Amino acid sequence: MSGTFITFEGPDGAGKTSVLRAIVERLAPLLGDKLVLTREPGGKDSQVAEAIRDVVLDPNLPSMDAWTEALLYAASRRQHLVDTVLPALAADKVVVSDRYVDSSIAYQGGGRRLGIEAVTEINQFATKGIMPTATIYLDIRPEVGLQRIQENRQDEINRLDVEKLSFHQRVTDAYHQLATQYPERFLIINAEQDLADVITDTWTALMPILGIHD
Ligand SMILES: Nc1ncnc2c1ncn2[C@@H]1O[C@H](COP(=O)(O)OP(=O)(O)OP(=O)(O)O)[C@@H](O)[C@H]1O
Ligand SMILES: [Mg+2]
């Protein structure tokens, strides 16, 4: 596989979507159609993965079993890989995804207490071990991220956002465990800074991986 696969990870409200949007704006003129922007659950050009997204994030389905949730995320991820990520990487493109497998390990493994190992195993089955070249980890205390969401995004609160703080603390702890386990893949950015500084640090971290000099 020849392309580059970059993922953005971090707790709710860390700024993944905001930072990714700014990075993509800067990358687009440099990479043109070599750049593919996508997100999970669901994903660009993946009808099946998007249909699973609608189920897994539906706030009207509170009875969903935690293992069902983990399997649906993994199934959606599988389809997104097949439809979007793998063809782009085979064509030597740069794929940037808002969340990927680390999110499942953090939210279902840590947050929902299914265990990091079990959720890693489900995802190994789904992804055949396809892992990102690099992962931008937006590091933030969960209460700071949740505060941002409460202040700015009242309209978009989904099923996972409404979980209580202890859940989000377990998510963050699991992310930190992954960052320790994979120090070369995880590029840790201080996401409690002003957005402009978070964007600058992210750009600086990504440049060598993308072979860009500016
Ligand atoms: N560095 C920052 N300082 C202050 N506010 C920020 C910062 N980064 C993002 N925000 C604001 O915080 C809110 C959450 O940001 P954003 O949606 O990008 O986070 P996210 O990590 O994508 O969250 P989610 O996991 O819920 O998708 C937005 O309203 C955004 O404008
Ligand atoms: Mg987001």
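The values are calculated or read from the model by the stated rules, or taken from the named source; none is laboratory data. Not measured: the values here are computed from a predicted model. A quick note on method: Cβ atoms are made from the backbone with ideal geometry, for glycine too, and the neighbour counts reach across all protein chains shown. Side chains included, ligands, DNA and RNA excluded: accessible areas come from the protein's heavy atoms. Shrake-Rupley method; radii C 1.70, N 1.55, O 1.52, S 1.80 Å.
Some notes on this structure:
- Helical contribution to [θ] at 222 nm, DSSP H n ≥ 4, -39,500 (n - 2.57), averaged over the chain, rounded to 500: -15500 deg cm²/dmol
- Per residue accessible area of the stretch 4-63, 1.4 Å probe, in Å²: 47
- The Cα-based radius of gyration and maximum Cα-Cα distance (Dmax) for the stretch 1-104 are 14.3, 46 Å.
- Over the stretch 4-210, all Cα pairs binned in 10 Å intervals from 0 give whole-percent P(r) values of 9, 36, 40, 15, 1, listed from short to long.
- In the chain, the portion of solvent-accessible area held by carbon and sulfur atoms comes to 52 percent [1.4 Å probe, whole percent, DNA, RNA and ligands not counted].
- Across the stretch 1-45, the convex hull enclosing all Cα atoms gives 96 Å³ per residue.
- Of the residues S97, I136, I122, the one whose Cα sits farthest towards the positive end of the charge dipole of the chain is I122 (charges of +1 on Lys and Arg Cβ, -1 on Asp and Glu Cβ, taken about the Cα centre).
- Accessible area per residue in Å² at 1.4 Å probe, computed on the stretch 70-111: 25
- Distance in nm between pseudo-label sites at Q169 and D54 (7 Å out along the Cβ direction from Cα): 3.8
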